[in-house]
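Here is the structure we will look at.
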Amino acid sequence: MERDRLDQDFEIRRLEQVLALAREQLDCALQKSEENKDAIIAAKLDMWEDTSRSISGLWNMDNFHELVELSQYANPVSERVSDYERDAAKILALKRLLYSPYFARIDFQFAGEEAFENIYIGRSSLQDGLTREMVVYDWRSPIASVFYRFGPGKAFYESPGGKITGEVHLKRQYEIKDGKLQYFFDADIQIIDEFLRELLSQNASPKMKTIVETIQKDQDMVIRDLETDLLMVQGAAGSGKTSVALHRAAYLMYQGLAAKLASNEIVIISPNTLFEQYIANVLPELGEKNVHSLVFEEIFGKVLQTGSIQSRNQYWEGLLSPGQNDRALSYNDKKLAKRSMAFKGSGLFAEILRRFIKDLPYRWLPFADIYYDGKVVADRQLLKAKILKGDQEFLLSVRLKQLEASILQIVHELRPSRQEKLKKFIQAKPEHEFEWKEVARRLSILESTALLKKIRRFTELDCQELYRKLFSDKSYFYHLAEGLELPDCMEEILDFTRENLQKDGLLYDDALALTFLHIHIKGYTAYRDIKQVVVDEAQDYDPLHFEILHGLFPKAHYTILGDIHQTIGKQEDSARYEQIGKIFAKPKSTLVTLDKSFRSTKEILTYSARFLDQSVKLHPFGRSGDTPAVFAASNRAALTTLLLAEMNTCREMGYQSIGLICKTEYDALALYEQLKDQSDIQLLKGDVQFDLNGVFLIPVYLAKGLEFDAVLICEADQGHYHSTDDQNLLYVACTRALHRLNLFYTGEISPLL
Ligand SMILES: Nc1ncnc2c1ncn2[C@@H]1O[C@H](COP(=O)(O)OP(=O)(O)OP(=O)(O)O)[C@@H](O)[C@H]1O
């Protein structure tokens, strides 16, 4: 007891000291920031007064010295501005620190040392400016990894100087709120688990939360991995893939000064805008700037420069909708759309496209003789040979541009004599000299425009047109695919594609293929300097998606996280990761498995496991709740009554986010019409702004990655869920639930339940 009291006193005193130091630094930073603000205003004023008199003539070459003068003023201002921004970030971090300066402590005895050191770990670091002592270590600092990876006993961590060994004597966790110590406990495995269990029993938050206080060892290994160029994570539903991805991004942005990543050097590929919004506050909460995130369709739009492209959600909606509505495809079209997607997303099609690109100069580029002044200045056979012999390392469009430049050079060299002739012609008839000169000038422009047009017929490529050509001639297609094993339904896919390409707009799978073609013919350099790419929900992507990413971000390291059991409209197995490895062909690639699930109760996870192959093992994080139940309704009206009653029960139980999951948006909309007057319910669509607090109706493909306190699977009947693909949908839908899951149906129950 006496020890506990001493401990308590020690911790309270320590907290006061830390807060006092933080307050002192905050006052200093605030004062500095004010001074900086004044200085910026004064410097801007000086700059304005001293340079405004000469600004009007600034772009005149004679005023070069004014430009120099201006830049002399501009530099101190921009330096001040970046100082100001740095201070602002520091102020924010210190304010957060004053709220809760640390959450853990380890007492670490470095090998060879007598005493141990108290290492306090928080969301950001705090250093005593006088003694240089680290009062709080950032959770991302090397020594903090000991907290995540070891209990009391021998331990080690990797530092920039090499491996450091030692011993952990104490591992302590704190709850500090608003600068007040609520409680602390010395952690052993059991207590840590209890703490996490308590944390996980809370309601889902409207936006994704940080997990710095409870990162698990295997998650920490992924977050801090700096060795691997291609890090793939296969993780069960709720195993923390998205959390790990975001904490990894924060870690990469913190890492030592040399390797530190700027927020604009990292990109997250997100499944949809709803998901983007859901994760948007994790990095700011970790004190980092948010990073750029991209939905794949945005890439299509940017590369192809067209807006009229089917989205992935529209593709899924068409595929999953029952046959009797206007969004749905007919049974045959569904089968075909799915097969077409599987084929066009495949490595097989990537190979055909590569062969097609190689073949373009032989067959599809209309090389022509180029005449100038009545003579052939470039022979078409020679032009073709130049392209075929040219350095194949360069993209075709680059080689063609070089060819175009070389033809224009020849013409340019011939031009003086031509101009000479024109001059003589004008001199001979100098009646209206000015007019003649104008005629001559126009003549030469017209002539070069016509010439350029002729050259560009074979040096400028229209990828969409070429893609159409690929599907317009079946025998050519089969010739290209020689030696490759094509799907049985190849003929139908060719017809289906040819027909679709005659219509306005592009289907998702054609946009995918066309983007690949575009990047491999013309390139796309906007993202060349990106250093880290994080792909979440990777099971949604096919080999061609990864080929595209590889083309767009050639210098990047990749973190690819997914769950092969959460695919929509297709089946995957672990071979997918091998394929990804081959596509990126990075020197060091690793596949890590996360199999412990933190989101759902044991009962929900056990129930969800019935939708997976028996060989797949899910490990729930031992939290208990009610066993999911299936409720039958005799008709639609009875179903509505049941759903309304369950929504009420959930509310009474204190659940704040309740998800009614339907198979499609069409189903969700129909149910919404029935429920909207009787309950406060929102229909979630792809691009709405939202805050996951309340009751939502959502199609399963949009619910992916999100979570709700309670989930109601609305139409678990035979018609909606019967196939292997539907099994995956049910797995995704059920694993969205944290605490409560129930299923409802009318008619015949799904055979999958
Ligand atoms: N170490 C942890 N400590 C506390 N909570 C955690 C931890 N890891 C994951 N969680 C929680 O578990 C839930 C699921 O995490 P997350 O969404 O990152 O998993 P996921 O693998 O991406 O899931 P899914 O594949 O189903 O979308 C979240 O509420 C997250 O906060």
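The values are calculated or read from the model by the stated rules, or taken from the named source; none is laboratory data. Computed from a predicted model, the values in this text were never measured in an experiment. Every residue, glycine as well, gets a Cβ built from its backbone with ideal geometry; the counts of neighbours run over all protein chains shown.
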Condition first: loosely packed, with under 14 Cβ neighbours inside 10 Å and touching a residue at least 60 places away in the same chain (Cβ under 8 Å). Now tell me which residues in the stretch 116-157 satisfy that. Gly129
Taking the stretch 246-259 as the search range and keeping residues that are hydrophobic (A, V, I, L, M, F, W, C) and within 17 Å of the chain's Cα centre (by Cα), which one is nearest to the ligand (Cβ to nearest atom)? Leu246
Just one of the numbered conditions (1) within 12 Å of the ligand (Cβ to nearest atom); (2) surrounded by 22 or more Cβ atoms within 10 Å (Cβ to Cβ) is not true of Ala556; which one? (1)
Checking Glu578 against (1) surrounded by fewer than 14 Cβ atoms within 10 Å (Cβ to Cβ); (2) within 28 Å of Asp225 (Cβ to Cβ); (3) at pLDDT below 90; (4) not assigned by the TED database to the domain that holds Asp717: exactly one of these is not met. Which one? (3)
Phe425 modelled with pLDDT under 75 and either surrounded by fewer than 11 Cβ atoms within 10 Å (Cβ to Cβ) or in the same structural domain as Ala450 (by the TED database) (or both): yes
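Have a look at Leu97, Leu92 and point out the one that is closer than 19 Å to Thr214 by Cα and in a helix (DSSP H, G or I). It would help to see each step written out before you state the result.
Numbers: Leu92 fails: closer than 19 Å to Thr214 by Cα.
Residue meeting the stated conditions: Leu97.
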For helices (runs of 4 or more DSSP H) lying entirely in the stretch 534-652, having 3 or more residues that are farther than 17 Å from Tyr731 by Cβ and polar (S, T, N, Q) picks out 636-652
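Within the stretch 711-725, is even one residue within 16 Å of the ligand (Cβ to nearest atom) and among the acidic types (Asp, Glu)?
So in the stretch 711-725, the residues within 16 Å of the ligand (Cβ to nearest atom) come out as 711, 713.
Narrowing further to those that are among the acidic types (Asp, Glu): none.
Checked the stretch 711-725: no residue is within 16 Å of the ligand (Cβ to nearest atom) and among the acidic types (Asp, Glu).
Do the conditions hold for Ile521, that is, is it closer than 30 Å to Asn264 by Cβ, under 13 Å from the mean Cα position of the chain (by Cα) and surrounded by fewer than 23 Cβ atoms within 10 Å (Cβ to Cβ)?
Working: closer than 30 Å to Asn264 by Cβ: yes; under 13 Å from the mean Cα position of the chain (by Cα): no; surrounded by fewer than 23 Cβ atoms within 10 Å (Cβ to Cβ): yes.
No.
Checking the conditions here, which among Thr640, Thr649 is more than 16 Å from Leu741 (Cα to Cα), of a type in the set (Val, Ile, Thr) and free of Cβ contacts under 8 Å to residues at least 60 places away in the same chain? Break it down stepwise before answering.
Numbers: Thr649 fails: more than 16 Å from Leu741 (Cα to Cα).
Matching residue, one of Thr640, Thr649: Thr640.
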For Ile564, only one of the following conditions fails: (1) over 23 Å from Ile279 (Cβ atoms); (2) touching a residue at least 24 places away in the same chain (Cβ under 8 Å); (3) surrounded by fewer than 22 Cβ atoms within 10 Å (Cβ to Cβ). What is its number? (1)
When the stretch 581-603 is checked residue by residue, the ones that are crowded, with 17+ Cβ neighbours inside 10 Å, of a type in the set (A, V, I, L, M) and under 26 Å from Asp220 (Cα atoms) are Val592, Leu594
Within the stretch 276-297, count every residue that is within 11 Å of the chain's Cα centre (by Cα) and either part of a helix (DSSP H, G or I) or among the small types (Gly, Ala, Ser) (or both). 4
Within the stretch 284-296, identify whether any single residue is within 13 Å of the ligand (Cβ to nearest atom), aromatic (Phe, Trp, Tyr) and out of contact with any helix residue (DSSP H, G or I) (no Cβ under 6 Å at 6 or more places or on another chain), and answer yes or no. no
Selection count where residues are out of contact with any Ser or Thr (no Cβ under 6 Å at 6 or more places or on another chain), under 17 Å from Ile560 (Cα atoms) and either crowded, with 21+ Cβ neighbours inside 10 Å or not aliphatic (A, V, I, L, M) (or both), scope the stretch 280-301: 2
